[in-house]
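The values are calculated or read from the model by the stated rules, or taken from the named source; none is laboratory data. Keep in mind the model is a prediction, meaning the values are calculated, not measured. Heads up, the Cβs are rebuilt from the backbone with ideal geometry, glycines too, and the neighbour counts pull from every protein chain shown. Please note that ligands, DNA and RNA were not included when accessible areas were found on the heavy atoms of the full protein model with its side chains. Shrake-Rupley method; radii C 1.70, N 1.55, O 1.52, S 1.80 Å.
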Amino acid sequence: MQQQKSVNLLGLDRKGMEALFVALGHKPFHARQVLKWIHKHGVTDFTAMTDLSKALRAQLQAHTEIRIPKIVLEQPAADGTRKWVLELACGNRIESVFIPDGERTTLCISTQAGCALDCSFCSTARQGFNRNLSAAEIVAQVWLVRTLGYSLTNVVMMGMGEPLANMEAVVPALSIIQDDLAYGLSKYRVTVSTAGIVPALRRLRLLSDVSLAVSLHAPNNALRDQLVPINRKYPLEELIPACRDFIAEDRRRKITWEYVMLDGVNDSDQHARQLIRLLEGTPSKMNLIPFNPFPGTDYRCSSPERIEAFRQRLMRSGIISITRKTRGEEIDAACGQLVGRIADRSRRLPQVVA
Ligand code: SAH
């Protein structure tokens, strides 16, 4: 295997990049030039960075690198959705999904190889957990898709993994995705989706300004404990106030709740009523996600009629609710179908909280 240099510039945000230049004995403003070369122009060859001195280019060449994971598979679906499978060093594979929808083009990116949270209806969970992605590996997914010529209006951290279990890499990655010198996406166009790691959520609010999606899936603790086991550690009475606080300073903001529709499990009128009560006073938008089946699962998706009745009930109570279209199903690109390939699936985080 090729020996790895220590700093992959792809994962340094403006602050990190400035610190690097200072450490190399240069002015911090070079960070601006290099960010633009890498992220705006897609340049990975230091010799092409013509507004840097030759000496500085040589130093970057010696001490840093711009390393991009390899695309091992690119799969288009009939509806325009496209999935890329990327191979990281050490053989882990992760997946990114491009979802065009009219004017909006969204890239769904992964933040971990596998996932340790073990949600009972998610196929990524079946893979087990291998490791956190680095900031460079998270940003590389955006870099690659942009470099292939796709324009992106939105980025969602909703692929494989739990973003809030990987704060150290997710925070600089968000900062790069939002930086005008890189991808320049506004806080309304960058979304972090979490199963609800409450302390990390409270920390994220101080470190990043992003939109928040929360995988709710159940309106009470007893059921949520089964579907989303992290709920046993951070139950609804802690999660909901943390979500409310997250958007407290911006009155235009809402929490996007994700709710997977599982036949006979969480889809009754009574569940809808509980949900309405639970979310009272929290500015909310509900995304109902038809369950995407995968081999070996016992769950079934609620019928379209049940989903619509559930949705109508929420709408009548004033919660804007949409049923998410299933996209890219035939290429296994839909929610909960991303499995990648984990080099060692036996590894688990000793504890998933930061
Ligand atoms: N760990 C993060 C992000 C990854 S999951 C989180 O939990 O939010 C992205 C979304 O897909 C989550 O809402 C997740 O609960 C949902 N999902 C997982 N498996 C699914 C399945 N089989 N069918 C439909 N949605 C699923």
- [ ] Could you calculate the FRET efficiency of LEU207 with LYS40 from 1/(1 + (r/R0)^6), where r is the beta carbon distance between them and R0 is 30 Å, rounded to 0.05?
- [x] 0.80
Open item on the list: Over the chain, with a Gaussian network built from C-alpha contacts below 10 Å, which listed residue (VAL156, VAL192, VAL22) shows the highest mean-square fluctuation?
Closed with: VAL22
Task: Distance between modelled label sites at GLU330 and SER120, nm, 7 Å Cα→Cβ extension - done: 3.3
Open item on the list: Tell me the carbon and sulfur percent of the accessible area for region 71-193, rounded to whole percent, probe radius 1.4 Å.
Closed with: 48
- [ ] Kindly report the accessible area of region 8-65 per residue (heavy atoms of protein chains, probe 1.4 Å, no ligands, DNA or RNA), in Å².
- [x] 50
Open item on the list: Quick check: from the Cα gyration tensor, does the chain come out rounded (a/c under 1.5), prolate or oblate?
Closed with: prolate
Task: Spin-label model distance (nm) - ARG232 vs ARG57, 7 Å beyond Cα toward Cβ - done: 5.8
Task: Cα-based Lys pair tally, the chain, threshold under 18 Å, eight or more apart or on separate chains - done: 13
Task: Zone of THR297's modelled label, taken as backbone nitrogen in region 119-139 under 13 Å from a point 7 Å along Cα→Cβ - done: 119-127
- [ ] Between GLN33, GLN112, GLN337, find the one with the highest GNM mean-square fluctuation for the chain; connect C-alpha pairs within less than 10 Å.
- [x] GLN33
Open item on the list: Can you tell me what share of the DSSP beta bridges in the chain is antiparallel? A percent to the nearest 5 is fine.
Closed with: 45
Open item on the list: Under 10 Å, Cα contacts only: if you run a Gaussian network model on the chain, which one of ARG205, ARG327, ARG57 comes out with the highest mean-square fluctuation?
Closed with: ARG57
Open item on the list: Taking 22 Å as R0, compute the FRET efficiency from the Cβ-Cβ separation of SER151 and ILE71 and round it to 0.05.
Closed with: 0.75
Open item on the list: Given a Förster distance of 30 Å, report the FRET efficiency between PHE29 and ARG251 from their Cβ-Cβ distance, rounded to the nearest 0.05.
Closed with: 0.25
- [ ] Could you tell me which GluC sites (Glu not before Pro) in region 161-264 are loop residues by DSSP with no more than 14 other beta carbons within 10 angstrom of their beta carbon?
- [x] GLU249
